[in-house]
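The values are calculated or read from the model by the stated rules, or taken from the named source; none is laboratory data. Just so it is clear, the structure is predicted and the values come from calculations on it, not from any experiment. Using ideal geometry, Cβ is built from the backbone for each residue, glycine included, and neighbour counts are taken over all protein chains shown.
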């Protein structure tokens, strides 16, 4: 079979076609502009090239009484115009957690005396406990500013394939960044807290985190109520109202503080 040199030495070249039509040309260039604008806005400005995944978070907080109570004579509010004494209570009476509502840290408590009634407990109309004639007693919680709040939180990937077990960040991870608490009047770093198999069982994290200590793991972020109030510019002994004639203080009236957990990634 003869070899055709025209086929052997053939090559391919492009053919350029110029379309001279104002409407078709306008549509072409408008489409190019839209594509360029999408790339600039979505990919460059909004960084949509990042992988976006839905997250589910949870938070838990517990309050603990001070490890070492301040001496009574150093607490001026224990000798006050209300004639209300100060007491110290054990852990079981200190902490009250209200799910989906918040954490109650008592500063003033009213005590009411009750006694067991003599009615039949199995009688529907029976009231097991009834108030006595004793007057109610009010007390301040001594050294409440040194009570500690342990915050545990976690964020996980809400993926139908892996459920909620794919943890993104949580307070049980060692080596995580030190949490910072921001307030209108100051900032401070919360303390990484460890649970250890050796004494002391609960201790602050050493340099390098809880993993740097043998037999220890991270259990949360610890801060004192006094640190939190200071960052917010609040003093429990200051007035709760602007009325100079009232003796009511924040310690007596109480207050509500909303604390949010914000995650920030510098590599986002």
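Data for the structure
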| read-out | value |
| --- | --- |
| Residue in region 66-84 that is on the phi > 0 side of the Ramachandran plot, modelled with pLDDT of 80 or more and assigned by TED's automatic domain parsing to the domain that holds residue 252 present | yes |
| 3 or more residues within 16 Å of the chain's Cα centre (by Cα), in the same structural domain as residue 137 (by TED's automatic domain parsing) and at pLDDT 80 or above: qualifying strands (runs of 3 or more DSSP E) within region 171-268 | 180-183, 186-189, 191-196, 216-224 |
| Meets criteria (in contact with a helix residue (DSSP H, G or I) (Cβ under 7 Å, 6 or more places away or on another chain), surrounded by 11 or more Cβ atoms within 10 Å (Cβ to Cβ) and touching a residue at least 40 places away in the same chain (Cβ under 8 Å)) for residue 254 | no |
| Selected residue (criterion: nearest to residue 235 (Cα to Cα)) from residues of region 105-127 that are free of Cβ contacts under 8 Å to residues at least 24 places away in the same chain and surrounded by 12 or more Cβ atoms within 10 Å (Cβ to Cβ) | 117 |
| Odd one out for residue 156, checked against (1) at pLDDT 85 or above; (2) in contact with a strand residue (DSSP E or B) (Cβ under 6 Å, 6 or more places away or on another chain) | (1) |
| Those residues of region 40-79 which are surrounded by 10 or more Cβ atoms within 10 Å (Cβ to Cβ), in a loop (DSSP other than H, G, I, E, B) and without any contact (Cβ under 8 Å) to a residue 40 or more places away in the chain, in sequence order | 46, 48, 79 |
| Counted residues, region 180-204 - those being closer than 17 Å to residue 230 by Cα and surrounded by 15 or more Cβ atoms within 10 Å (Cβ to Cβ) | 5 |
